[in-house]
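The values are calculated or read from the model by the stated rules, or taken from the named source; none is laboratory data. If you're wondering where the values come from, they're calculated on a predicted model, not measured in any experiment. Backbone-built Cβ (ideal geometry, glycine too); neighbour counts: all protein chains shown. Ligands, DNA and RNA are stripped out before the accessible areas are found, and what is left, the full protein with its side chains, is counted by its heavy atoms. Shrake-Rupley method; radii C 1.70, N 1.55, O 1.52, S 1.80 Å.
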Amino acid sequence: AQSVAQPEDQVNVAEGNPLTVKCTYSVSGNPYLFWYVQYPNRGLQFLLKYITGDNLVKGSYGFEAEFNKSQTSFHLKKPSALVSDSALYFCAVRAVYNFNKFYFGSGTKLNVKP
Amino acid sequence: DGGITQSPKYLFRKEGQNVTLSCEQNLNHDAMYWYRQDPGQGLRLIYYSQIVNDFQKGDIAEGYSVSREKKESFPLTVTSAQKNPTAFYLCASRDTGRGGHEQYFGPGTRLTVT
């Protein structure tokens, strides 16, 4: 079975500090992993993905994510947080057996304080 | 200006009434999806369609129906059989033709049933 877990409901960070939003996954086979961001009452916006290749993936708005196969993790990171980064972040994994099924984590609310 | 549109943004209905949510895309994507989002639960897949005139049940299809008569349109009907229809509904699409992996989301429709 495929699944992702986001162990933190909420992450608080001061503006200018580095941020990390955690995600662990469970999938049999090579994972296709994604991060999305959602602002209040809006749809999700794609940030970045890991398909294959370098373990450090760079995405939109200065975000990056590190794929760690041994720890089955795909943590989202940013070197310097902005107040405007405050939003709900979702990690997702694509099913191995069905390219149209994606499993989303429960989301992590990021609060960046000035 | 390409993208996915959902209408209406807010929808209010009485119990026992069927309601149809609109989803239109001009991205020329083959695959389209409907998700339901509830607080603290992430996104759950209702239905998906990989091509016109074909659609498949997702994980929570009971009480919902869809059609895919045109490539750009994928309406969702919430029937009176859906026990707890109040939720935020998100439509998404994906470009399968170019090996696309990530999904593009519409702005969502918030349905309230009383």
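Under conditions of 4 °C and 1.567 mPa s, the protein assembly as shown yields 72 µm² s⁻¹ as its translational diffusion coefficient, taking Rh as the Kirkwood radius over Cα pairs in the Stokes-Einstein equation. Taking a ≥ b ≥ c as the square roots of the eigenvalues of the alpha-carbon gyration tensor, the range A:60-103 is classed oblate because a/c is 1.5 or more while a/b is no larger than b/c.
Would you mind checking B:14/B:83; B:57/B:83; A:58/B:71; A:77/A:113; A:109/B:9; A:49/A:113 for any pair whose Cα atoms are more than 21 angstrom apart? With Cα atoms farther than 21 Å apart: A:58/B:71; A:109/B:9; A:49/A:113. Excluding residue B:110 itself, calculate the net charge of residues whose Cβ lies under 14 Å from the Cβ of residue B:110, where each Lys or Arg counts +1 and each Asp or Glu counts -1. With Lys, Arg at +1 and Asp, Glu at -1, the net is +3. Give the shape of the range B:34-101 as rounded, prolate or oblate, defined through the alpha-carbon gyration tensor: a ≥ b ≥ c are the square roots of its eigenvalues, a/c under 1.5 means rounded, and otherwise the shape is prolate if a/b is larger than b/c and oblate if not. Taking the square roots of the gyration eigenvalues as a ≥ b ≥ c, the range B:34-101 is oblate.
Working note: Cα atoms of chain A, range along each principal axis, descending, whole Å: 44, 30, 22. Ranked by solvent-accessible area (1.4 Å probe, protein heavy atoms only, all chains present), the residues A:70, B:73 order from largest to smallest as A:70, B:73. In this structure, residue B:81 and residue B:7 have a Cβ-Cβ separation that, at R0 = 30 Å, corresponds to a calculated FRET efficiency of about 0.80. Taking all C-alpha pairs of chain B, those more than 18 Å from each other amount to 45 percent. Across chain B, Cα pairs under 8 Å and at least six residues apart give a relative contact order of 35 percent. Computed about its Cα centre, the charge dipole of the protein assembly as shown is approximately 220 debye, with only Lys, Arg, Asp and Glu carrying charge at their Cβ.
Shown are B:15, A:66, A:8, whose ranking by accessible area with a 1.4 Å probe and every protein chain present, most to least, is B:15, A:66, A:8.
The trypsin sites (Lys or Arg not before Pro) of the range B:1-73 meeting both criteria, a DSSP state outside H, G, I, E and B (loop) and at most 12 other C-beta atoms within 10 angstrom of the site's C-beta, are B:9, B:14.
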